[in-house]
1. How far apart, in nanometres, would the label points at ASP111 and SER42 be if each is projected 7 angstrom from Cα along the Cα-to-Cβ direction?
2. If you stretched the chain out fully between GLU73 and LEU32, how much longer would it get, using 0.36 nm times the residue separation minus the C-alpha to C-alpha distance?
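Just so it is clear, none of the values below were taken in a lab; they were calculated from the coordinates. These figures come from a predicted structure and were not determined experimentally. Glycine also receives a Cβ, built like all others from the backbone with ideal geometry; neighbour counts cover every protein chain displayed.
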Amino acid sequence: MSLIPSEVPTKTILHICSRETLRPLRDQILRLSGFEVDSTLSTTEGLSMFWTRLYDLVLIDVEGEQKIRAAEELCSEIKTGQPEQIVAFVCNWRVAVMTDCPDEILRTEFDPHRFVSGVRTILSHVEN
């Protein structure tokens, strides 16, 4: 059951997450909430997917402080190629205070409703 009205256009999300168990779970939560989701475990594949399709939002999972640099490089490459692209890091509070590359930060406290609410909030900023 979709959690958004059917007359609202489907938003497309590219989800780049290297965690094999978490990625499909987040993808399913987003799909059940009415989003169209493409996802990958690989940043290289994610970048290739990004160049082949327009996305309303790119979500990059940042698993701990040691992954910040790679996420920032990916974010920078995306923003250099398409400055208007909205990019959000999905990360914990420590990572959130250590980076300023993405447009938005989505906290990883695992509450599916808060996760979807955060995605909707980010996308609503784009529409306004």
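1. Here the answer is 3.7 nm between the modelled labels.
2. 11.7 nm
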